[in-house]
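Below is one structure, written out as structure tokens; the observations come after it.
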Amino acid sequence: MNNTLYAKIQEEFNHIADTFIEKEIDVLADENLITIQSKYNLYDIQPYFAQLTNDVLAPDTKLTIESEDDFDPETDDLYEYKINFENRRAYLKREHYGDGVFYSTLYEYTAQYHKSFSVYQNKETVKAINLSYLYLKNGLPDQFIECTEYGISLKTYTCENEIIKNYKLEWPNHDHHCIGELTFDTEKKLVMITETASDGRVRVLFDTTAPTKNIEEVLEKIEAFLVENIADQILEKVKIEEPVYCILFEYTMQGPFPPTIAFGITSEVEGNFEDKELYELYNAPDMRYFSENDEPNPINIDFYPVDIQSSYLIANSYGENIPWQNEEACELWEKQIFDTYLRICKRLMHFDFSKSFAKTENFLVMARDFEQCNEEDFYQNMLYYIAKK
């Protein structure tokens, strides 16, 4: 039965763009719908969609735009909703990007399911982005099926006392799955979501129990983990027979924690080391020993102990909430991340890794934002640090 349903949903997804504009016009013409605007993504049919992306608004947040003081076009996102206030449901959500560019979502409701379908729109194009069904059982979530250009996923919910206790997330034709566990306080307020993958890995997706949200303290905790815990794991798990010229952390400002890790070995460097450009020496995907590789040389470093994951969530959420238009704030955050990784590199330079590998004379612990390609900045700072020592 599921395969038949998946095929039907896939076929519908393939034709969203053909009928979306016509359906959107009908919604826009509905006089029973009221238009509201907001800086925030306030609605989706997937249960706890904001918590699943760790993007929950503060209780005192003003949700709607009612005056010029509520919105800064230079820094704020703009969402437009068509709402039926009688049944308190949204029928259209538009995220504006200016110059006739939108991400638009239409919603439909029946007793059996809630449905959403989203497209990217500009003046020439309508492209399907997402088609989702939330199937209900006794009025509570039963299954959530999502289809995108990358395929279909299925969440099956278990409810108890009118709240979701857990779900199973799976992908058709794949053996891998995840079990999500939802934790509530005594007032039935969600405080934590964790996912345990079929290989045993645990991910904390949402957590309100973290003791601090001071960003400097959070960065200090992450730094300590990436120095002490990772060093211990290298000594325990990494065995490389040939000389190593670098340990390399790679990250991105879209989510700077956790990084990936790679080990550069001398046999990967053709010709003279001194003649190579930095991007040739310090680029993790080109390295044989890379934590993202399963074969032939897996690096089984665990960046996800449960105790550190809440700190990742706080730090990454902090960065995501800085408006990209606020250049000063973005530059400060970028510097804080750079300085954190630079301190990690400096501290790891003092560890004895001889149980795991031999170091070359030009061995460095390095870091790199793989989108900004700032290896030159890390390299020069590390050379200066070594020279001073």
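Tally the residues that are crowded, with 17+ Cβ neighbours inside 10 Å and of a type in the set (A, V, I, L, M, F, W, C), restricting the search to the stretch 170-191.
Result for the stretch 170-191: 3.
Being among the hydroxyl-bearing types (S, T, Y) and under 23 Å from E320 (Cβ atoms) is the filter; apply it to the stretch 331-361 and report the residue that is surrounded by the most Cβ atoms within 10 Å (Cβ to Cβ). Reasoning before the result, please.
Of the residues in the stretch 331-361, the ones among the hydroxyl-bearing types (S, T, Y) are 340-341, 354, 356, 360.
Retained after the next criterion (residues that are under 23 Å from E320 (Cβ atoms)): 340-341.
Working: T340: 20, Y341: 26.
The qualifying residue surrounded by the most Cβ atoms within 10 Å (Cβ to Cβ) is Y341.
Looking only at the stretch 261-295, how many residues end up being in a strand (DSSP E or B), of a type outside the set (V, I, T) and touching a Phe, Trp or Tyr at 6+ places or on another chain (Cβ under 7 Å)? So that I can check it myself, show each step before the final result.
Just the residues of the stretch 261-295 that are in a strand (DSSP E or B), to begin with: 261-265, 289-290.
Still in the running and of a type outside the set (V, I, T): 262-264, 289-290.
Now drop any that are not touching a Phe, Trp or Tyr at 6+ places or on another chain (Cβ under 7 Å), which leaves 262-264, 289.
Counting residues in the stretch 261-295 that are in a strand (DSSP E or B), of a type outside the set (V, I, T) and touching a Phe, Trp or Tyr at 6+ places or on another chain (Cβ under 7 Å) gives 4.
Filter the stretch 312-339 down to the residues that are touching a Phe, Trp or Tyr at 6+ places or on another chain (Cβ under 9 Å) and hydroxyl-bearing (S, T, Y), then identify the one that is farthest from G264 (Cα to Cα). Steps first, answer last, please.
As a first pass, look at the stretch 312-339 and keep what is touching a Phe, Trp or Tyr at 6+ places or on another chain (Cβ under 9 Å): 312-313, 315-316, 318-319, 322, 330, 333, 337-338.
Narrowing further to those that are hydroxyl-bearing (S, T, Y): 312, 318.
Details: Y312: 26, Y318: 32 Å.
Once the filter is applied, the top-ranked residue is Y318.
Conditions first: (1) closer than 26 Å to L182 by Cα; (2) over 18 Å from the mean Cα position of the chain (by Cα); (3) outside any loop (DSSP other than H, G, I, E, B). E236 passes all but one, so which condition is the exception?
Tallying (1) closer than 26 Å to L182 by Cα; (2) over 18 Å from the mean Cα position of the chain (by Cα); (3) outside any loop (DSSP other than H, G, I, E, B), E236 fails exactly one: (1).
Name the residue that is modelled with the lowest pLDDT, counting only residues in the stretch 65-86 that are in a loop (DSSP other than H, G, I, E, B) and of a type outside the set (D, E, K, R).
Taking the stretch 65-86 first, the residues in a loop (DSSP other than H, G, I, E, B) are 65-67, 71-77, 85-86.
Next cut, of a type outside the set (D, E, K, R) only: 65, 67, 71, 73, 75, 85.
Working: I65: 96, S67: 93, F71: 93, P73: 87, T75: 80, F85: 92.
Going through the qualifying residues, I end up with T75.
Do you know which residues across the stretch 131-190 are among the polar types (S, T, N, Q) and either within 23 Å of the chain's Cα centre (by Cα) or on the phi < 0 side of the Ramachandran plot (or both)? Working first, answer last.
Of the stretch 131-190, the ones among the polar types (S, T, N, Q) are 132, 138, 143, 148, 153, 156, 158, 161, 166, 173, 183, 186.
If the condition is that a residue be among the polar types (S, T, N, Q) and either within 23 Å of the chain's Cα centre (by Cα) or on the phi < 0 side of the Ramachandran plot (or both), then S132, Q143, T148, S153, T156, T158, N166, T183, T186 are the ones that fit.
Among the residues that make up the stretch 11-18, is at least one of them in contact (Cβ under 8 Å) with a residue 12 or more places away in the chain and over 19 Å from E149 (Cα atoms)?
No: the stretch 11-18 contains no residue that is in contact (Cβ under 8 Å) with a residue 12 or more places away in the chain and over 19 Å from E149 (Cα atoms).
Out of curiosity, is R347 in a strand (DSSP E or B), of a type in the set (K, R) and either in contact with a helix residue (DSSP H, G or I) (Cβ under 6 Å, 6 or more places away or on another chain) or closer than 24 Å to A210 by Cα (or both)? Can you show your working first?
Values: in a strand (DSSP E or B): no; of a type in the set (K, R): yes; either in contact with a helix residue (DSSP H, G or I) (Cβ under 6 Å, 6 or more places away or on another chain) or closer than 24 Å to A210 by Cα (or both): yes.
Answer is no for this residue.
Just the residues that are outside any strand (DSSP E or B) and either touching a helix residue (DSSP H, G or I) at 6+ places or on another chain (Cβ under 6 Å) or farther than 11 Å from L313 by Cβ (or both), please, taken from the stretch 184-208.
Applying the first criterion (outside any strand (DSSP E or B)) to the stretch 184-208 yields 185-189, 198-201, 208.
If the condition is that a residue be outside any strand (DSSP E or B) and either touching a helix residue (DSSP H, G or I) at 6+ places or on another chain (Cβ under 6 Å) or farther than 11 Å from L313 by Cβ (or both), then D185, T186, E187, K188, K189, S198, D199, G200, R201 are the ones that fit.
Can you tell me which residues in the stretch 195-207 are touching a residue at least 24 places away in the same chain (Cβ under 8 Å) and surrounded by 13 or more Cβ atoms within 10 Å (Cβ to Cβ)? Working first, answer last.
Filtering the stretch 195-207 down to residues touching a residue at least 24 places away in the same chain (Cβ under 8 Å) leaves 195, 201-207.
Within the stretch 195-207, E195, V202, R203, V204, L205, F206, D207 qualify.
The values are calculated or read from the model by the stated rules, or taken from the named source; none is laboratory data. The structure presented is a predicted model; accordingly, all values stated were derived computationally and were not measured. Cβ sites come from the backbone with ideal geometry, for glycine too, and all protein chains shown count toward neighbours.
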